[in-house]
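Engineer: First, the structure itself, so that you have it in front of you.
Derivation of every value follows stated rules applied to the coordinates shown; laboratory data play no part. Just so you know, these numbers come straight off a predicted model, no measurement behind them. Neighbour counts run over all protein chains shown; Cβ positions are idealised from the backbone, glycine included.
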Amino acid sequence: MSEDRSLLRVGTRGSALAMAQSGRAAEDIAGADGFELVQVRTHGDKDRTSPLAQIGGTGVFVTAVREALLAGEVDVVVHSAKDLPTAPVPGIALGCVPERADPRDALCARDGLTLAQLPRHAKVGTGSPRRAAQLRRARPDLEVVDIRGNVETRLARALGQDADLDAVVLAAAGLQRLGRDEVISELLSPDVLLPAPAQGALAIECPEPGTSPEDGGLSPFADGLSAADHRPTRAAVAAERALLRTLEAGCSAPVGALGTLGEDGTLTLRGLAISEDGTSVFEGSGTAPVDLEDPLVLVADAERLGQDLAADLLERGAGSVLAGGDDPTSDATTS
């Protein structure tokens, strides 16, 4: 590791996707020659066979890089924002949320087939309970297969020479950041697959003021963090994560959310909780004005919108599907 403290030390997982998105975020903050990437191996990287829900959800990718940050081994860490647990961590602040990439899910199917064109009983792979449930809702005939592995490993299951699946579903943003757009056979509408909360966004965490082990902390990089922060994205992500937190659901739970900011400053949030088999769905939407000029007010307003929508879903029975038990008498599909 370099001892040049003029360089921004960026903690990241070692996967091709993590390295690509961390490098892009670091360049936005510190410039092309002003950073170095520090690879951190996580528990989720070590265990590539167990289902994510079994080993702790996508949060297993976060702990090790956060520990490196708290130990002063790196200056910032870059996460896929959808992987972040919603509970705050003492000593760590959300320093920057860059402009969001495409939040949609992408179908990668043999012969360029769309979801509607897949044959009956086609095998579709995903490691996400949210995607699996919504796929079953859209196409109850499909055989949804749980898969793990990096992007290329998953793609090979559907597009490789020894493919055993008809398609896989991945985040469009990840494929685009890797320059693998050509494998996408269909970008799935949020009306079909509502994305995971904060999907397509990055979260750059830094030490809270006064907690850095080194004198001076992040002062050389504070301007870069501020410049790279995209307030419309921060508002949408704050609302989506507040919904997830209020539902008391983990980041691998079958919950979808998508916030969009209109030109008039109105934030619209859609939310969904769905049973594993896709037959019981609680969904709704809400709107609220947000103040882009004041980041503290912006986040507070956005979080309140997410909390209110989550409270509405819970009042209508969403807790039953998040707890694993469906309520067949509920009006679950009412928006």
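Engineer: Multiply the residue separation of Glu276 and Ala311 by 0.36 nm, subtract the distance between their alpha-carbon atoms, and state the gained length in nm to one decimal.
Structural biologist: On the way: separation 35, 0.36 × 35 = 12.60 nm, distance 2.10 nm.
Full extension from Glu276 to Ala311 adds 10.5 nm.
Engineer: If you don't mind, another one. In region 105-188, what % of DSSP beta bridges are antiparallel (nearest 5)?
Structural biologist: Numbers: 8 of 14 bridges.
Given both bridge residues lie in region 105-188, the antiparallel proportion sits at roughly 55 percent.
Engineer: For Asp164 and Ile92, compute 0.36 nm times the residue count separating them, minus their Cα-Cα distance, and round to one decimal in nm.
Structural biologist: So the chain would gain 21.7 nm between Asp164 and Ile92.
Engineer: Treat each spin label as a single point 7 Å out from the Cα along the C-beta direction, and report the Glu73 to Ser226 distance in nm.
Structural biologist: In this crude label model, Glu73 to Ser226 measures out at 3.1 nm.
Engineer: Taking only the alpha carbons of region 154-272, what extent do you get along each of the three principal axes, in Å, biggest first?
Structural biologist: 54, 34, 31
Engineer: Hey, could you pull the Cα Rg and Dmax for region 105-188, both in Å?
Structural biologist: 11.4, 32
Engineer: Please check: in the Gaussian network model of the chain (C-alpha springs, under 10 Å), which one of Gly306, Gly262, Gly112 has the largest mean-square fluctuation.
Structural biologist: Result: Gly262 has the largest fluctuation of those listed.
Engineer: What number, rounded to the nearest 500 deg cm²/dmol, is the helix-based mean residue ellipticity at 222 nm of the chain, given -39500 (n - 2.57) per DSSP H run of at least four residues and division by all its residues?
Structural biologist: -9000 deg cm²/dmol
Engineer: Continuing with this model, one more query. Between rounded, prolate and oblate, where does the chain land on the alpha carbon gyration tensor, with a ≥ b ≥ c its root eigenvalues, rounded for a/c under 1.5, else prolate if a/b exceeds b/c?
Structural biologist: Oblate is the answer for the chain, as a/c is 1.5 or above yet b/c matches or exceeds a/b.
Engineer: Pick from Leu247, Leu94, Leu84: which residue has the top mean-square fluctuation in a GNM of the chain where Cα pairs under 10 Å get a spring?
Structural biologist: Largest GNM mean-square fluctuation: Leu94.
Engineer: Sort out the exposed loop GluC sites (Glu not before Pro) in the chain (DSSP loop, at most 11 other Cβ within 10 Å) and tell me the longest stretch that has none.
Structural biologist: With a cap of 11 other Cβ atoms within 10 Å, the longest stretch comes to 4-213.
Engineer: Can you tell me the relative contact order of region 55-193? Whole percent, Cα pairs under 8 Å, sequence separation 6 or more.
Structural biologist: Relative contact order, region 55-193: 30 percent.
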